[in-house]
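After the structure tokens below, expect a handful of questions from me.
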Amino acid sequence: MYHLAYSYKLKKKKGVTIAFLTANYFNDKITEGHKILSDRIINVALKSTDWNVYVVSLEKSMNAKRDLLYQEIAPSLWDWFSSAVRTISFLNSANIDLIHILAYNKVFPTLLDKIARVGRRSHKIIVHLYYHPNAFKDPKYKPIELLLKTKVFDMILATSSALKDFLLKELDLSDGMIRVIPPMVPEEFFKFDYSSSRKLLPELRRIYGLTENDFVVSYIGHVIPQRGIFELLSAFKEVSKFNPSLKLIISYPNIIFKDLSFDYLMLLRRIVEKYMLKEKVIIIGKQYLSKIYTISDMLFFGFSDVFYFTYPPLVICEAMAAGVPFVIKSSSLIRELFGNESPVPVYRNINELIDILRGIANNQQNLVRISKKVKSIAEKMFLPRSVITKLSDAYSVVLSNKV
């Protein structure tokens, strides 16, 4: 059963009552990945017959129009205060067994301090962190780290082993108090078949001015240096001199952070023009991923370790689930996703990227092999049923006081 926090009509049913706490409305820098991942966790929880699910969110007044689960607004101080008061009142309800905090950000330390001081502690609190460990080097994350050290949480969920290892070292917590739950990818991504999709190439590619014989590399995401877009462009310029059928698609979100992507997008267009690549580089807005997957021979992911929005990045998890081949930059992501042996090409610098693009363009068998391997790995990590099992185990441990 699904309720918004401000309904206050909490009727205890058979099973555990969970309140998912979010504060995305009050964080203008919250990433799209954080919102999507939070939605997916909530949606899976809603399907459980064992849990009563509430979504508790700091938000605008009760009569605010709500077309989507997450609604972008610019709240006043009064909006924030009144919403915080309602949220604290709701979370202190004796009918709630467990609070699961999603997309944890800088709003929560003050709010949780209030809950801990004046609220009831009959309920348990789990906090879910989506960051790369490098996020904690940023001063704005210091309040979060300080609150984690106070140990007001009954369990911490991390999306990566890297983050768990970092927290164990920095916070002096027991191993059992931190659990790794990888990002969830919906079932529809796993249904995509890379090999079968090749049959749809001619029709779809014509829409983008591409031919069946083109070798298409696609970049998906914000146009920022930390994602390797300019490394890709430099390598593409060199390889395209010897391979006239090589094409590059750049698909970026319709939502552009002015302090992140806008200037870089303009720079990208200038570089494409300077390199005289306008006939080879197609820059488009956000597209359905199934279309990008179908028209692409392979994807490119150049994430560096200084990039720490959602970790591992959802766009990579989704590509793996769909079985789309890709090339990736050498970083901590390799060990996180694949352990000691990567099934996908890995580059460390532009020269290595050039060599990879030259070698793989005419090797369809290798692409199919990569497709099968990454999908197999994704099926073990990102399937919703796997995530729900791990969530259930975490909830059971916390509610039974076994942490």
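Mind listing whichever residues of region 348-381 are assigned to a helix (DSSP H, G or I) and of a type in the set (Gly, Ala, Ser)? Steps first, answer last, please.
Taking region 348-381 and keeping what is assigned to a helix (DSSP H, G or I), we get 350-360, 364-381.
Answer for region 348-381, where residues must be assigned to a helix (DSSP H, G or I) and of a type in the set (Gly, Ala, Ser): Gly359, Ser371, Ser376, Ala378.
Also: List, please: which pairs have Cβ atoms under 9 Å, are six or more places apart or on different chains, and start with a residue in region 373-392 that is aromatic (Phe, Trp, Tyr) and end with one that is not in a helix (DSSP H, G or I)?
Phe382/Pro182; Phe382/Pro183; Phe382/Met184; Phe382/Val185
Counting just the residues of region 138-184 that are modelled with pLDDT under 90 and among the β-branched types (Val, Ile, Thr), which one comes out nearest to Ser392 (Cα to Cα)?
Val152
Taking region 243-263 on its own, how many of its residues are loosely packed, with under 10 Cβ neighbours inside 10 Å and at pLDDT 90 or above?
Residues of region 243-263 that are loosely packed, with under 10 Cβ neighbours inside 10 Å, as a first pass: 254, 258-259.
Cutting the leftovers down to at pLDDT 90 or above gives us none.
Looking only at that region, the number is 0.
Hydrophobic (A, V, I, L, M, F, W, C) and either more than 23 Å from Asp297 (Cβ to Cβ) or touching a residue at least 60 places away in the same chain (Cβ under 8 Å) (or both) - does that describe any residue in region 331-349? Steps first, please.
Here is the first cut: in region 331-349, the ones hydrophobic (A, V, I, L, M, F, W, C) are 333-334, 337-338, 344, 346.
Retained after the next criterion (residues that are either more than 23 Å from Asp297 (Cβ to Cβ) or touching a residue at least 60 places away in the same chain (Cβ under 8 Å) (or both)): none.
No, region 331-349 contains no residue that is hydrophobic (A, V, I, L, M, F, W, C) and either more than 23 Å from Asp297 (Cβ to Cβ) or touching a residue at least 60 places away in the same chain (Cβ under 8 Å) (or both).
Give the residues of region 327-365 that are closer than 20 Å to Pro182 by Cβ, hydrophobic (A, V, I, L, M, F, W, C) and surrounded by 18 or more Cβ atoms within 10 Å (Cβ to Cβ), sorted by residue number.
Correct list: Ile328, Leu333, Leu337, Val344.
Shifting gears a bit: Quick one: Ala321 ticks every box in (1) closer than 18 Å to Leu232 by Cα; (2) modelled with pLDDT of 95 or more; (3) assigned to a helix (DSSP H, G or I) bar one, so which box is it?
Among (1) closer than 18 Å to Leu232 by Cα; (2) modelled with pLDDT of 95 or more; (3) assigned to a helix (DSSP H, G or I), Ala321 violates only (1).
Please state which one of Arg358, Arg335 is within 18 Å of the chain's Cα centre (by Cα) and either hydroxyl-bearing (Ser, Thr, Tyr) or over 22 Å from Ile224 (Cβ atoms) (or both).
Details: Arg358 fails: within 18 Å of the chain's Cα centre (by Cα).
Within the list Arg358, Arg335, the selection yields Arg335.
Further question: Can you tell me which residue is nearest to Asp263 (Cα to Cα) among those in region 214-248 that are free of Cβ contacts under 8 Å to residues at least 40 places away in the same chain and not in a loop (DSSP other than H, G, I, E, B)?
Pro225
The values are calculated or read from the model by the stated rules, or taken from the named source; none is laboratory data. Predicted model only: the values in this text are computed from it and were never measured. Don't worry about glycine lacking a Cβ; one is built from the backbone with ideal geometry, like all the others, and counts go over all protein chains shown.
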